[in-house]
Amino acid sequence: MRPTEKILWTDMTPEELDGAIARAPLAYWPIGSLEWHGPHLPLGTDWFRAEAICQRAAGMTGGVVLPATYFTAPGFAAYRGTISFSPGLVKAIARETHRELAKAGFRAVAQVLCHGGAAQEESFREPAEESQRTLGLRILTTPGVGNLIEQKRIGPGHAGPGETAQCAAAARGMVRLDLFDPAATRLPRYEGLDPNTYCQGLSPAQHERVHAHMARTEWPWAEDLVEQVLQPGIVEEMLQSAAEQVAREVRELLKGL
């Protein structure tokens, strides 16, 4: 990709969008959330990470980056600051987004799920399988955390060291390590919610997971989270490794296209 070429859909004119699709008919769809991530991270942590990963990956492979979406399935619907949607609605949004991307001339889509979990994965993988059959799209659905297990330098987990490091690189100045307290395990909750509200459109096998997640009252922390995040170079490495992983998967998706 030439340095002067735009990659963000929001920044393009219609002619620029058509030109970008002609060069690489690939859409990156950053999928985040508005969600509790502890006292030390912003509620848009997954949103910021998804945008940054997609933009970096698109710089390596070409393609157009859509605006990030916060229309995500539960998880952490009962935790303060979180907005969640029923999986049935999320699946409908995914299907219609695929339809509109195909209409515009895209032939491949990379769905980067920086908000994960079984309900979220089902809500995007199921429509992707349908759209691949009905629209002829190639669709990759991938998480944005990166090769944390392989690197073995920093811990995984929701709002854990890995996500904290990625957010620190993606949204500089928004991570508050001074507010982190490993002893503060009590979850701030919205009480009186009906978990069945957040199961609508979800396969029955996943209902129990949603109920269990929403019933949680404690969240364990890695006591050395701050020390892990402050390792030299780890912040940039965590974000860049995730983008490189996504770019590798996208190149495989595009083979023979």
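The values are calculated or read from the model by the stated rules, or taken from the named source; none is laboratory data. Just so you know, these numbers come straight off a predicted model, no measurement behind them. When we count neighbours, we look across all protein chains shown, and the Cβ atoms used for this are built from the backbone with ideal geometry, even at glycine.
From the list L34, L8, L89, L17, which one is surrounded by fewer than 20 Cβ atoms within 10 Å (Cβ to Cβ), within 13 Å of H115 (Cβ to Cβ) and not charged (D, E, K, R)?
Only one candidate qualifies: L34.
Please find, among A73, A50, the residue that is small (G, A, S), out of contact with any Asp or Glu (no Cβ under 8 Å at 6 or more places or on another chain) and crowded, with 21+ Cβ neighbours inside 10 Å.
A50
If a residue has to be assigned to a strand (DSSP E or B) and over 27 Å from T82 (Cβ atoms) to count, how many in the range 1-26 make the cut?
Residues that pass the stated criteria total 1.
Looking at the range 42-74, which of its residues are touching a Phe, Trp or Tyr at 6+ places or on another chain (Cβ under 9 Å) and in a loop (DSSP other than H, G, I, E, B)?
P42, L43, G44, G63, L66, P67, A68, Y70, F71, T72, A73, P74
Kindly check whether there is at least one residue in the range 105-112 that is farther than 30 Å from E237 by Cβ and under 14 Å from the mean Cα position of the chain (by Cα).
Within the range 105-112 (the criterion being farther than 30 Å from E237 by Cβ and under 14 Å from the mean Cα position of the chain (by Cα)), the answer is no, since none of the residues qualifies.
State whether the residues of the range 123-136 include one that is at pLDDT 95 or above, assigned to a loop (DSSP other than H, G, I, E, B) and touching a Pro at 6+ places or on another chain (Cβ under 8 Å).
no
Scan the range 205-254 for residues that are hydroxyl-bearing (S, T, Y) and within 21 Å of the chain's Cα centre (by Cα) and report the count.
1
For E163, which of the numbered conditions (1) farther than 30 Å from G63 by Cα; (2) in contact with a helix residue (DSSP H, G or I) (Cβ under 7 Å, 6 or more places away or on another chain) fails to hold?
Only one criterion in (1) farther than 30 Å from G63 by Cα; (2) in contact with a helix residue (DSSP H, G or I) (Cβ under 7 Å, 6 or more places away or on another chain) is unmet by E163, namely (1).
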